[in-house]
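The values are calculated or read from the model by the stated rules, or taken from the named source; none is laboratory data. This structure is a prediction, so every number in the text was calculated from the model and none was measured. Cβ atoms come from the backbone with ideal geometry, glycine included; neighbour counts cover every protein chain shown.
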Amino acid sequence: EYNVYNHDEL
Amino acid sequence: MNIFRLSGDLCHLVAIIILFLKIWKSKSCAGISGKSQVLFAVVFTTRYLDLFTSFISIYNTVMKVVYLASAYATVSLIYLRFRSTFDSESDSFRVEFLLVPVAGLSFLENYAFTPLELFMITKTGEAASITTHYLFFLGLYRALYLGNWLWRYHVEEFFDQIAVVSGVVQTIFYCDFFYLYFTRVIRGSGKMSLP
């Protein structure tokens, strides 16, 4: 599941 | 957040500031690749659309805004303010040679595929002719990949779940577009407008 909070790298 | 990422982001910020100040102080962008800066601005714009959809942290939002603002400021310096000092002959790398593989890769490794152009067609009900041709080749590229996966499955016995699933989903997005493309653009008025 794509979790935006895991993918918070700039 | 960890020290590596924080220092990395700050180094990135420093680099952007150095470039901006160099152009601003020397009032010249000689030796700078304008295309690269445009690509940076495009990358930041496409990647940071989530500024409007999800809030992660103050740091995250502030840094994204700073990156975006500085990228566009740099591009405007190069192409507007100090345009006379920009020697485009030396800035000769072929952007499409970069964009095509990157576009291909972005199709393979992604989480969802919602191209804004397709959205625009459904939203505005029409697209300029060049946009439809652009989308046609984008869709054709997807369709050809299905063939590629079939070939690799039967010949090389290779199967990559992520690539195939996301690729099939993406290609399905294009089906209605292909129908409109062939019935309206190829046979019809050269401009696509939804019925």
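Consider B:S28 carefully, then state whether it is more than 16 Å from B:H12 (Cβ to Cβ), among the small types (G, A, S) and part of a loop (DSSP other than H, G, I, E, B). Against the criterion (more than 16 Å from B:H12 (Cβ to Cβ), among the small types (G, A, S) and part of a loop (DSSP other than H, G, I, E, B)), B:S28 qualifies.
Applying a threshold of 6 Å to beta carbon distances and a minimum spacing of six or more residues, or different chains, the list of pairs starting in the range B:141-155 at a residue that is at pLDDT below 75 and ending at one that is not in a helix (DSSP H, G or I) reads B:R152/B:F158. Which residue is surrounded by the most Cβ atoms within 10 Å (Cβ to Cβ), if the candidates are limited to the range B:35-82 and must be touching a Gly at 6+ places or on another chain (Cβ under 9 Å) and not hydroxyl-bearing (S, T, Y)? Checking each candidate, the answer is B:I78. Candidates are the residues of the range B:56-83 that are part of a helix (DSSP H, G or I) and among the polar types (S, T, N, Q); the one that is nearest to the other protein chains (Cβ to nearest Cβ) is B:N60.
Answer yes or no as to whether B:D50 is at pLDDT 75 or above and acidic (D, E). It is true that B:D50 is at pLDDT 75 or above and acidic (D, E). Residues in the range B:31-55 that are part of a helix (DSSP H, G or I) and among the hydroxyl-bearing types (S, T, Y): B:S36, B:T45, B:T46, B:Y48. Condition check: at pLDDT 85 or above, of a type in the set (S, T, Y) and at negative phi. Does B:S90 satisfy that? Spelling it out, it is not the case that B:S90 is at pLDDT 85 or above, of a type in the set (S, T, Y) and at negative phi.
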